[in-house]
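All remarks here apply to the structure that follows.
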Amino acid sequence: MAGVMRIFPMDEKVLVVDHERCTGCRQCEMVCSVFHTGASNPSRSRVKVIKWEDVGLFLPMTCNHCEQAYCVEVCPTKACHRDPANHNWVTIDKKRCIGCRTCIIACPFGHPFFDVQERVTVKCDYCDGDPQCVRFCEVKAISFTDADKTNISRRREFANKFADLMKQGR
Amino acid sequence: MITEPTPPIRNPNVQRPQREWGWEIAIYLYMAGMGAGSFVVGMFTNWLENPSITIQVWGFSFDIAKFALFGGPILVAMGAPFLILDLGIKRRFLYACLNPRSSWVARGFLILSTFIVLGLAILVISFFYPTVFTKRPASWLALEILSLVFAFATAIYTGVLLKSVKYVSLWNTPLLPILFLVSALSTGTLVLLLSTLGYGYLVPRGEWFYKMINLWVYFGQVLILIECFVLALYIMVYRKDDREASQVYHFVLREIGWLICGGIALFLYAYFLKHPILLIAAGLFLFIGGFSLRLQVLAQGVKEQPPMYRWIEMTANIRPSERVDDHVRKSLWRG
(Lines give C-alpha, C1' and ligand atoms only; values in the text may rest on other atoms or scores of the structure.)
Protein backbone atom coordinates (compact mmCIF):
# COMPACT_ATOMS: atom_id res chain seq x y z
CA MET A 1 0.00 0.00 0.00
CA ALA A 2 1.46 3.34 -1.00
CA GLY A 3 0.36 5.29 2.03
CA VAL A 4 -3.29 5.45 1.14
CA MET A 5 -4.62 7.49 3.96
CA ARG A 6 -8.29 7.51 4.39
CA ILE A 7 -11.20 5.72 2.98
CA PHE A 8 -14.66 5.74 4.43
CA PRO A 9 -17.46 3.30 3.88
CA MET A 10 -20.15 5.78 3.00
CA ASP A 11 -22.64 5.19 0.28
CA GLU A 12 -20.97 4.56 -3.07
CA LYS A 13 -17.89 6.75 -3.52
CA VAL A 14 -15.24 8.24 -1.25
CA LEU A 15 -12.17 10.45 -1.55
CA VAL A 16 -8.87 8.61 -1.23
CA VAL A 17 -5.62 10.45 -0.67
CA ASP A 18 -2.17 9.11 -1.52
CA HIS A 19 0.34 11.25 0.37
CA GLU A 20 3.30 9.72 -1.43
CA ARG A 21 2.10 11.14 -4.73
CA CYS A 22 1.23 14.59 -3.43
CA THR A 23 3.74 17.27 -4.39
CA GLY A 24 2.23 19.96 -2.18
CA CYS A 25 1.32 22.21 -5.12
CA ARG A 26 -2.00 23.14 -3.45
CA GLN A 27 -3.82 23.15 -6.77
CA CYS A 28 -6.62 21.26 -4.99
CA GLU A 29 -7.07 24.13 -2.52
CA MET A 30 -7.18 26.64 -5.33
CA VAL A 31 -9.82 24.86 -7.43
CA CYS A 32 -11.86 24.05 -4.33
CA SER A 33 -12.08 27.68 -3.31
CA VAL A 34 -12.86 28.80 -6.87
CA PHE A 35 -15.61 26.18 -7.18
CA HIS A 36 -17.24 26.97 -3.83
CA THR A 37 -16.65 30.70 -3.38
CA GLY A 38 -15.82 32.01 -6.83
CA ALA A 39 -12.55 33.36 -5.47
CA SER A 40 -9.06 31.94 -5.76
CA ASN A 41 -8.47 31.98 -2.02
CA PRO A 42 -6.94 28.84 -0.46
CA SER A 43 -7.90 30.00 3.04
CA ARG A 44 -11.54 29.42 2.04
CA SER A 45 -10.89 25.99 0.57
CA ARG A 46 -12.52 22.83 1.93
CA VAL A 47 -9.27 20.89 1.56
CA LYS A 48 -6.04 21.77 3.40
CA VAL A 49 -2.62 20.46 2.50
CA ILE A 50 -0.62 19.55 5.60
CA LYS A 51 3.15 19.83 5.14
CA TRP A 52 6.16 18.01 6.52
CA GLU A 53 8.39 20.37 4.59
CA ASP A 54 11.69 19.18 6.05
CA VAL A 55 11.15 15.71 4.57
CA GLY A 56 9.04 16.75 1.58
CA LEU A 57 5.82 15.02 2.57
CA PHE A 58 2.38 16.49 1.99
CA LEU A 59 -1.07 15.30 2.95
CA PRO A 60 -4.25 16.86 1.57
CA MET A 61 -6.82 16.67 4.37
CA THR A 62 -10.49 16.50 3.47
CA CYS A 63 -13.65 15.61 5.33
CA ASN A 64 -13.95 11.91 6.14
CA HIS A 65 -17.76 11.90 6.23
CA CYS A 66 -17.34 9.70 9.31
CA GLU A 67 -19.85 7.01 10.15
CA GLN A 68 -20.12 8.42 13.66
CA ALA A 69 -19.77 12.06 12.72
CA TYR A 70 -19.04 14.18 15.81
CA CYS A 71 -19.75 17.36 13.86
CA VAL A 72 -23.33 16.15 13.31
CA GLU A 73 -23.69 15.17 16.98
CA VAL A 74 -22.55 18.48 18.42
CA CYS A 75 -24.20 20.87 15.98
CA PRO A 76 -26.81 22.76 18.03
CA THR A 77 -28.88 23.79 15.01
CA LYS A 78 -28.82 20.60 12.92
CA ALA A 79 -27.15 22.64 10.18
CA CYS A 80 -24.49 19.94 10.03
CA HIS A 81 -26.46 16.87 9.03
CA ARG A 82 -26.54 13.77 6.89
CA ASP A 83 -28.16 14.38 3.56
CA PRO A 84 -30.21 11.30 2.57
CA ALA A 85 -30.87 12.81 -0.84
CA ASN A 86 -27.13 12.94 -1.48
CA HIS A 87 -25.70 9.50 -0.58
CA ASN A 88 -25.97 10.28 3.15
CA TRP A 89 -22.96 12.57 2.97
CA VAL A 90 -22.36 14.91 5.90
CA THR A 91 -23.24 18.40 4.72
CA ILE A 92 -23.68 21.82 6.28
CA ASP A 93 -26.76 23.86 5.55
CA LYS A 94 -25.42 27.41 5.40
CA LYS A 95 -28.87 28.87 5.96
CA ARG A 96 -29.09 27.18 9.34
CA CYS A 97 -25.47 27.53 10.50
CA ILE A 98 -24.98 30.14 13.24
CA GLY A 99 -21.17 30.00 13.11
CA CYS A 100 -20.68 28.66 16.64
CA ARG A 101 -17.67 26.55 15.49
CA THR A 102 -18.57 23.69 17.83
CA CYS A 103 -18.21 21.25 14.90
CA ILE A 104 -14.64 22.44 14.29
CA ILE A 105 -13.73 21.78 17.91
CA ALA A 106 -15.43 18.38 17.89
CA CYS A 107 -13.86 17.03 14.68
CA PRO A 108 -10.75 14.97 15.49
CA PHE A 109 -9.36 15.73 12.01
CA GLY A 110 -9.79 19.50 12.32
CA HIS A 111 -11.86 19.52 9.20
CA PRO A 112 -14.80 21.91 9.04
CA PHE A 113 -13.48 25.38 8.45
CA PHE A 114 -14.85 28.75 9.44
CA ASP A 115 -15.40 30.95 6.42
CA VAL A 116 -14.55 34.42 7.66
CA GLN A 117 -16.44 36.10 4.83
CA GLU A 118 -19.68 34.15 5.02
CA ARG A 119 -19.38 33.84 8.85
CA VAL A 120 -20.47 30.19 8.77
CA THR A 121 -18.71 26.83 8.93
CA VAL A 122 -18.04 25.07 5.65
CA LYS A 123 -16.86 21.58 4.77
CA CYS A 124 -16.19 19.28 1.85
CA ASP A 125 -19.38 18.20 0.08
CA TYR A 126 -17.64 16.29 -2.75
CA CYS A 127 -18.61 19.19 -5.05
CA ASP A 128 -22.04 17.59 -5.53
CA GLY A 129 -20.52 14.34 -6.74
CA ASP A 130 -17.75 15.70 -8.98
CA PRO A 131 -14.85 16.68 -6.69
CA GLN A 132 -12.82 19.40 -8.35
CA CYS A 133 -9.70 18.50 -6.39
CA VAL A 134 -9.73 15.08 -8.08
CA ARG A 135 -10.31 16.59 -11.50
CA PHE A 136 -7.45 19.01 -11.28
CA CYS A 137 -4.84 17.00 -9.36
CA GLU A 138 -2.08 16.50 -11.93
CA VAL A 139 -0.35 13.67 -10.07
CA LYS A 140 -3.56 11.89 -9.11
CA ALA A 141 -2.82 12.09 -5.40
CA ILE A 142 -6.56 12.37 -4.72
CA SER A 143 -9.02 9.98 -6.27
CA PHE A 144 -12.75 9.52 -5.95
CA THR A 145 -13.23 5.78 -5.87
CA ASP A 146 -15.89 3.24 -5.03
CA ALA A 147 -16.11 2.23 -1.40
CA ASP A 148 -15.98 -1.40 -2.44
CA LYS A 149 -14.18 -4.46 -1.12
CA THR A 150 -10.86 -3.33 -2.62
CA ASN A 151 -10.92 -0.28 -0.44
CA ILE A 152 -11.95 -2.29 2.58
CA SER A 153 -8.96 -4.61 2.17
CA ARG A 154 -6.65 -1.62 1.76
CA ARG A 155 -8.08 -0.09 4.88
CA ARG A 156 -7.59 -3.31 6.78
CA GLU A 157 -3.99 -3.45 5.57
CA PHE A 158 -3.43 0.10 6.75
CA ALA A 159 -4.97 -0.65 10.16
CA ASN A 160 -2.79 -3.75 10.57
CA LYS A 161 0.38 -1.89 9.68
CA PHE A 162 -0.52 0.91 12.04
CA ALA A 163 -1.21 -1.55 14.83
CA ASP A 164 2.14 -3.29 14.20
CA LEU A 165 3.99 0.02 14.39
CA MET A 166 2.19 0.93 17.59
CA LYS A 167 3.16 -2.42 19.11
CA GLN A 168 6.79 -1.78 18.20
CA GLY A 169 6.50 1.41 20.21
CA ARG A 170 7.58 3.69 17.40
CA MET B 1 19.17 30.11 3.71
CA ILE B 2 16.23 31.41 5.68
CA THR B 3 12.90 30.04 4.52
CA GLU B 4 9.47 31.25 5.41
CA PRO B 5 8.05 29.16 8.28
CA THR B 6 5.12 26.87 7.54
CA PRO B 7 1.86 28.42 8.76
CA PRO B 8 0.68 26.62 11.91
CA ILE B 9 -2.52 25.41 10.22
CA ARG B 10 -0.42 23.42 7.73
CA ASN B 11 2.33 22.39 10.09
CA PRO B 12 1.65 19.00 11.70
CA ASN B 13 4.53 19.49 14.11
CA VAL B 14 2.70 22.32 15.81
CA GLN B 15 -0.30 21.11 17.74
CA ARG B 16 -2.16 24.33 18.06
CA PRO B 17 -4.43 25.04 21.01
CA GLN B 18 -7.98 25.48 19.87
CA ARG B 19 -8.76 29.02 18.81
CA GLU B 20 -12.44 28.61 18.05
CA TRP B 21 -13.60 29.46 21.56
CA GLY B 22 -11.93 32.52 23.06
CA TRP B 23 -12.49 35.06 25.82
CA GLU B 24 -16.18 35.54 24.97
CA ILE B 25 -16.92 31.92 25.80
CA ALA B 26 -14.74 32.19 28.94
CA ILE B 27 -16.88 35.12 30.17
CA TYR B 28 -20.07 33.22 29.28
CA LEU B 29 -18.96 30.16 31.26
CA TYR B 30 -17.70 32.28 34.15
CA MET B 31 -20.83 34.39 34.54
CA ALA B 32 -23.09 31.35 34.17
CA GLY B 33 -21.13 29.48 36.85
CA MET B 34 -20.92 32.43 39.21
CA GLY B 35 -24.62 33.32 38.90
CA ALA B 36 -25.78 29.72 39.31
CA GLY B 37 -23.38 29.18 42.24
CA SER B 38 -24.61 32.27 44.06
CA PHE B 39 -28.22 31.17 43.54
CA VAL B 40 -27.52 27.68 44.95
CA VAL B 41 -25.75 29.05 48.03
CA GLY B 42 -28.41 31.76 48.39
CA MET B 43 -31.22 29.22 48.27
CA PHE B 44 -29.61 27.00 50.91
CA THR B 45 -28.94 30.05 53.09
CA ASN B 46 -32.55 31.09 52.73
CA TRP B 47 -33.71 27.63 53.79
CA LEU B 48 -31.33 27.62 56.78
CA GLU B 49 -31.60 31.22 58.03
CA ASN B 50 -34.34 32.99 56.04
CA PRO B 51 -32.73 36.46 56.35
CA SER B 52 -35.11 39.33 55.73
CA ILE B 53 -34.74 43.12 55.46
CA THR B 54 -38.14 44.59 54.77
CA ILE B 55 -38.46 48.20 53.72
CA GLN B 56 -41.62 50.20 53.22
CA VAL B 57 -42.06 52.27 50.08
CA TRP B 58 -45.37 54.01 49.44
CA GLY B 59 -47.13 51.60 51.74
CA PHE B 60 -45.74 48.51 50.02
CA SER B 61 -43.18 46.27 51.71
CA PHE B 62 -40.17 44.93 49.80
CA ASP B 63 -37.60 42.40 51.02
CA ILE B 64 -34.21 43.63 49.81
CA ALA B 65 -32.27 40.77 51.50
CA LYS B 66 -33.81 38.38 48.98
CA PHE B 67 -32.46 40.49 46.14
CA ALA B 68 -28.91 39.64 47.23
CA LEU B 69 -29.73 35.97 47.81
CA PHE B 70 -31.44 35.33 44.49
CA GLY B 71 -29.62 37.81 42.24
CA GLY B 72 -27.71 34.99 40.48
CA PRO B 73 -29.99 34.75 37.41
CA ILE B 74 -29.16 38.38 36.62
CA LEU B 75 -25.46 37.45 36.36
CA VAL B 76 -26.31 34.47 34.13
CA ALA B 77 -28.46 36.71 31.93
CA MET B 78 -25.60 39.23 31.74
CA GLY B 79 -23.18 36.48 30.61
CA ALA B 80 -25.47 34.90 27.99
CA PRO B 81 -25.01 37.69 25.39
CA PHE B 82 -21.30 36.82 25.28
CA LEU B 83 -22.24 33.47 23.72
CA ILE B 84 -24.21 35.36 21.08
CA LEU B 85 -21.26 37.74 20.61
CA ASP B 86 -19.11 34.73 19.71
CA LEU B 87 -21.43 33.49 16.96
CA GLY B 88 -20.65 34.02 13.30
CA ILE B 89 -24.20 35.12 12.50
CA LYS B 90 -25.59 36.63 15.69
CA ARG B 91 -29.15 37.19 14.53
CA ARG B 92 -29.62 33.41 14.23
CA PHE B 93 -28.89 32.77 17.91
CA LEU B 94 -32.36 31.33 18.53
CA TYR B 95 -31.49 28.39 16.23
CA ALA B 96 -29.03 27.25 18.91
CA CYS B 97 -31.65 25.16 20.70
CA LEU B 98 -32.76 22.99 17.77
CA ASN B 99 -30.72 19.85 18.53
CA PRO B 100 -30.95 19.08 22.26
CA ARG B 101 -30.90 15.34 21.53
CA SER B 102 -27.14 15.26 21.02
CA SER B 103 -25.69 18.77 21.26
CA TRP B 104 -24.54 20.15 24.59
CA VAL B 105 -24.59 23.70 23.24
CA ALA B 106 -28.33 23.27 22.53
CA ARG B 107 -28.94 21.64 25.91
CA GLY B 108 -27.04 24.46 27.61
CA PHE B 109 -29.13 27.03 25.78
CA LEU B 110 -32.28 25.39 27.16
CA ILE B 111 -30.86 24.84 30.67
CA LEU B 112 -29.64 28.42 31.01
CA SER B 113 -32.83 29.90 29.56
CA THR B 114 -34.98 27.86 31.93
CA PHE B 115 -32.81 28.80 34.90
CA ILE B 116 -32.93 32.49 34.01
CA VAL B 117 -36.74 32.41 33.75
CA LEU B 118 -37.27 30.38 36.95
CA GLY B 119 -34.62 32.29 38.91
CA LEU B 120 -35.97 35.68 37.89
CA ALA B 121 -39.48 34.52 38.86
CA ILE B 122 -38.17 33.59 42.33
CA LEU B 123 -36.30 36.89 42.59
CA VAL B 124 -39.25 39.06 41.58
CA ILE B 125 -41.82 37.20 43.68
CA SER B 126 -39.63 37.13 46.80
CA PHE B 127 -38.80 40.82 46.38
CA PHE B 128 -42.36 42.04 45.93
CA TYR B 129 -44.21 39.44 48.02
CA PRO B 130 -41.99 38.62 51.01
CA THR B 131 -44.97 36.97 52.74
CA VAL B 132 -44.57 34.01 50.41
CA PHE B 133 -41.78 32.75 52.70
CA THR B 134 -43.98 32.72 55.76
CA LYS B 135 -46.90 30.90 54.09
CA ARG B 136 -44.71 28.83 51.73
CA PRO B 137 -47.37 27.09 49.63
CA ALA B 138 -46.55 23.79 47.92
CA SER B 139 -46.37 25.43 44.49
CA TRP B 140 -43.76 27.90 45.78
CA LEU B 141 -41.68 25.09 47.29
CA ALA B 142 -41.86 23.22 43.97
CA LEU B 143 -40.67 26.36 42.17
CA GLU B 144 -37.78 26.71 44.64
CA ILE B 145 -36.68 23.10 44.17
CA LEU B 146 -37.03 23.24 40.39
CA SER B 147 -34.99 26.42 40.15
CA LEU B 148 -32.36 24.93 42.46
CA VAL B 149 -32.08 21.88 40.18
CA PHE B 150 -31.62 24.12 37.14
CA ALA B 151 -29.07 26.24 39.03
CA PHE B 152 -27.03 23.09 39.74
CA ALA B 153 -27.43 22.04 36.12
CA THR B 154 -26.21 25.46 34.94
CA ALA B 155 -23.17 25.37 37.22
CA ILE B 156 -22.16 21.86 36.17
CA TYR B 157 -23.10 22.35 32.50
CA THR B 158 -20.22 24.78 31.96
CA GLY B 159 -17.82 21.90 32.62
CA VAL B 160 -19.88 19.26 30.80
CA LEU B 161 -19.84 21.40 27.64
CA LEU B 162 -16.05 21.21 27.52
CA LYS B 163 -15.95 17.60 28.66
CA SER B 164 -18.10 16.62 25.68
CA VAL B 165 -15.20 17.46 23.34
CA LYS B 166 -13.60 14.04 23.14
CA TYR B 167 -10.37 14.89 21.38
CA VAL B 168 -9.07 17.50 23.80
CA SER B 169 -7.58 15.38 26.53
CA LEU B 170 -7.39 18.27 29.00
CA TRP B 171 -11.17 18.73 28.75
CA ASN B 172 -12.28 15.13 28.43
CA THR B 173 -12.13 14.28 32.12
CA PRO B 174 -14.99 13.88 34.63
CA LEU B 175 -13.03 16.12 36.99
CA LEU B 176 -13.68 19.19 34.85
CA PRO B 177 -17.45 19.46 35.56
CA ILE B 178 -16.71 18.90 39.26
CA LEU B 179 -14.00 21.56 39.21
CA PHE B 180 -16.28 24.06 37.47
CA LEU B 181 -19.11 23.26 39.89
CA VAL B 182 -16.95 23.86 42.97
CA SER B 183 -15.49 26.99 41.40
CA ALA B 184 -19.03 28.21 40.64
CA LEU B 185 -20.06 27.68 44.25
CA SER B 186 -16.97 29.41 45.67
CA THR B 187 -17.25 32.48 43.40
CA GLY B 188 -21.03 32.50 44.01
CA THR B 189 -20.46 32.54 47.77
CA LEU B 190 -18.13 35.51 47.39
CA VAL B 191 -20.78 37.32 45.30
CA LEU B 192 -23.20 36.88 48.22
CA LEU B 193 -20.57 37.98 50.72
CA LEU B 194 -19.68 41.15 48.87
CA SER B 195 -23.27 42.07 48.01
CA THR B 196 -24.27 41.63 51.67
CA LEU B 197 -21.26 43.72 52.65
CA GLY B 198 -22.54 46.39 50.29
CA TYR B 199 -26.01 46.18 51.87
CA GLY B 200 -24.36 46.68 55.24
CA TYR B 201 -23.47 50.22 54.20
CA LEU B 202 -27.02 50.99 53.04
CA VAL B 203 -29.17 49.56 55.82
CA PRO B 204 -28.53 49.20 59.55
CA ARG B 205 -26.34 46.18 60.32
CA GLY B 206 -28.32 43.91 62.56
CA GLU B 207 -27.53 40.49 63.91
CA TRP B 208 -28.49 39.02 60.50
CA PHE B 209 -25.56 40.82 58.89
CA TYR B 210 -22.82 39.21 60.99
CA LYS B 211 -24.59 35.85 60.96
CA MET B 212 -24.72 35.81 57.15
CA ILE B 213 -21.15 37.04 56.72
CA ASN B 214 -19.78 34.42 59.13
CA LEU B 215 -21.78 31.65 57.49
CA TRP B 216 -20.49 32.51 54.01
CA VAL B 217 -16.92 32.96 55.22
CA TYR B 218 -17.03 29.37 56.49
CA PHE B 219 -18.69 28.20 53.27
CA GLY B 220 -15.97 29.97 51.29
CA GLN B 221 -13.15 28.38 53.28
CA VAL B 222 -14.54 24.86 52.83
CA LEU B 223 -15.16 25.39 49.11
CA ILE B 224 -11.64 26.75 48.58
CA LEU B 225 -10.17 23.66 50.21
CA ILE B 226 -12.30 21.38 48.02
CA GLU B 227 -11.35 23.36 44.91
CA CYS B 228 -7.63 23.11 45.70
CA PHE B 229 -8.05 19.35 46.17
CA VAL B 230 -9.91 18.94 42.84
CA LEU B 231 -7.30 21.06 41.03
CA ALA B 232 -4.53 18.91 42.48
CA LEU B 233 -6.37 15.77 41.33
CA TYR B 234 -6.83 17.34 37.92
CA ILE B 235 -3.11 17.70 37.34
CA MET B 236 -2.38 14.27 38.82
CA VAL B 237 -4.85 12.57 36.46
CA TYR B 238 -3.69 14.54 33.43
CA ARG B 239 -1.00 12.59 31.61
CA LYS B 240 0.52 13.95 28.44
CA ASP B 241 3.96 14.50 27.03
CA ASP B 242 6.30 16.44 29.30
CA ARG B 243 6.06 19.75 27.54
CA GLU B 244 2.28 19.97 27.51
CA ALA B 245 2.02 18.62 31.04
CA SER B 246 4.35 21.36 32.29
CA GLN B 247 2.16 24.03 30.64
CA VAL B 248 -0.91 22.64 32.38
CA TYR B 249 1.03 22.21 35.61
CA HIS B 250 1.91 25.91 35.61
CA PHE B 251 -1.64 27.03 34.98
CA VAL B 252 -2.96 24.75 37.74
CA LEU B 253 -0.33 26.12 40.13
CA ARG B 254 -1.38 29.68 39.27
CA GLU B 255 -5.01 28.79 39.96
CA ILE B 256 -4.13 27.21 43.30
CA GLY B 257 -2.18 30.42 44.04
CA TRP B 258 -5.29 32.57 43.56
CA LEU B 259 -7.29 30.20 45.76
CA ILE B 260 -4.68 30.19 48.52
CA CYS B 261 -4.57 34.01 48.53
CA GLY B 262 -8.40 34.13 48.75
CA GLY B 263 -8.39 31.44 51.44
CA ILE B 264 -5.80 33.29 53.53
CA ALA B 265 -7.86 36.50 53.35
CA LEU B 266 -10.98 34.63 54.52
CA PHE B 267 -8.98 32.84 57.24
CA LEU B 268 -7.58 36.14 58.55
CA TYR B 269 -11.08 37.64 58.56
CA ALA B 270 -12.59 34.67 60.38
CA TYR B 271 -9.98 34.30 63.13
CA PHE B 272 -7.93 37.50 63.50
CA LEU B 273 -9.13 40.73 62.02
CA LYS B 274 -12.78 41.37 61.14
CA HIS B 275 -12.00 44.02 58.56
CA PRO B 276 -14.11 44.29 55.39
CA ILE B 277 -11.01 44.92 53.29
CA LEU B 278 -10.09 41.26 53.81
CA LEU B 279 -13.43 40.17 52.36
CA ILE B 280 -12.97 42.47 49.38
CA ALA B 281 -9.45 41.08 48.86
CA ALA B 282 -10.76 37.50 49.07
CA GLY B 283 -13.47 38.39 46.55
CA LEU B 284 -10.95 39.88 44.12
CA PHE B 285 -8.64 36.86 44.37
CA LEU B 286 -11.45 34.38 43.84
CA PHE B 287 -13.12 36.37 41.03
CA ILE B 288 -9.83 36.72 39.14
CA GLY B 289 -9.00 33.07 39.86
CA GLY B 290 -12.42 31.86 38.68
CA PHE B 291 -12.22 33.77 35.41
CA SER B 292 -8.60 32.82 34.84
CA LEU B 293 -9.53 29.16 35.41
CA ARG B 294 -12.07 29.20 32.58
CA LEU B 295 -9.83 31.22 30.29
CA GLN B 296 -6.82 28.98 30.86
CA VAL B 297 -8.77 25.73 30.50
CA LEU B 298 -10.01 27.04 27.14
CA ALA B 299 -6.60 28.33 26.10
CA GLN B 300 -4.79 25.09 26.95
CA GLY B 301 -7.21 22.93 24.96
CA VAL B 302 -4.99 21.14 22.45
CA LYS B 303 -6.50 18.49 20.20
CA GLU B 304 -4.90 15.09 20.00
CA GLN B 305 -2.85 14.36 16.92
CA PRO B 306 -4.91 12.80 14.09
CA PRO B 307 -3.86 9.15 13.54
CA MET B 308 -2.90 9.76 9.91
CA TYR B 309 -0.28 12.33 10.97
CA ARG B 310 1.18 9.80 13.33
CA TRP B 311 1.11 7.14 10.65
CA ILE B 312 3.08 9.36 8.25
CA GLU B 313 5.59 10.31 10.95
CA MET B 314 6.09 6.65 11.81
CA THR B 315 6.46 5.41 8.25
CA ALA B 316 8.78 8.27 7.26
CA ASN B 317 10.76 8.03 10.50
CA ILE B 318 10.08 11.63 11.40
CA ARG B 319 10.77 12.32 15.03
CA PRO B 320 7.81 14.21 16.48
CA SER B 321 9.29 17.57 17.25
CA GLU B 322 7.76 20.45 19.15
CA ARG B 323 4.23 19.49 20.04
CA VAL B 324 2.98 22.69 21.55
CA ASP B 325 4.06 25.98 20.13
CA ASP B 326 4.41 28.57 22.87
CA HIS B 327 4.45 31.41 20.42
CA VAL B 328 1.18 30.37 18.81
CA ARG B 329 -0.38 29.70 22.21
CA LYS B 330 0.47 33.19 23.43
CA SER B 331 -0.55 35.00 20.26
CA LEU B 332 -3.94 33.26 20.35
CA TRP B 333 -5.11 35.24 23.35
CA ARG B 334 -4.02 38.63 22.06
CA GLY B 335 -6.93 38.97 19.76
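The values are calculated or read from the model by the stated rules, or taken from the named source; none is laboratory data. Fair warning: this is a prediction, and the values are worked out from it, not measured in the lab. Cβ atoms come from the backbone with ideal geometry, glycine included; neighbour counts cover every protein chain shown.
Observations on the structure shown:
- Within the set A:V90, A:V74, the sole residue that is at pLDDT below 95 and at the interface with chain B (Cβ under 7 Å from one of its Cβ atoms) turns out to be A:V74.
- Filter pass, B:Y238 being surrounded by 13 or more Cβ atoms within 10 Å (Cβ to Cβ) and either within 29 Å of B:F70 (Cβ to Cβ) or not polar (S, T, N, Q) (or both): yes
- Residue within the range A:88-96 that is in contact (Cβ under 8 Å) with a residue 40 or more places away in the chain and assigned to a loop (DSSP other than H, G, I, E, B) present: yes
- Qualifying residue in the range B:201-211 (condition: out of contact with any helix residue (DSSP H, G or I) (no Cβ under 9 Å at 6 or more places or on another chain), small (G, A, S) and at pLDDT below 90): yes
- B:L253 vs. criteria of a type in the set (A, V, I, L, M, F, W, C), modelled with pLDDT of 90 or more and assigned to a helix (DSSP H, G or I): no
- Every residue from the range A:91-118 that is among the basic types (K, R) and over 26 Å from B:N11 (Cβ atoms): A:K94, A:K95, A:R96
- Qualifying residue in the range A:118-130 (condition: within 10 Å of chain B (Cβ to nearest Cβ), in a strand (DSSP E or B) and crowded, with 20+ Cβ neighbours inside 10 Å): yes
- Filter result for B:V230 (within 17 Å of the chain's Cα centre (by Cα), away from chain A (no Cβ under 14 Å) and at pLDDT 90 or above): yes
- Hits in the range A:95-104 (condition: in contact with a Gly (Cβ under 8 Å, 6 or more places away or on another chain) and within 7 Å of another protein chain (Cβ to nearest Cβ)): A:I98, A:G99, A:C100, A:R101, A:I104
- Which numbered condition B:G33 fails, given (1) more than 10 Å from chain A (Cβ to nearest Cβ); (2) at pLDDT below 95; (3) buried (at least 19 other Cβ atoms within 10 Å of the Cβ): (2)
- Test result for B:F67, in contact with an Asp or Glu (Cβ under 8 Å, 6 or more places away or on another chain), in a helix (DSSP H, G or I), away from chain A (no Cβ under 14 Å) and on the phi < 0 side of the Ramachandran plot: no
- Lone qualifier among B:S126, B:S113, B:S139 - being touching a strand residue (DSSP E or B) at 6+ places or on another chain (Cβ under 7 Å), small (G, A, S) and away from chain A (no Cβ under 12 Å): B:S126
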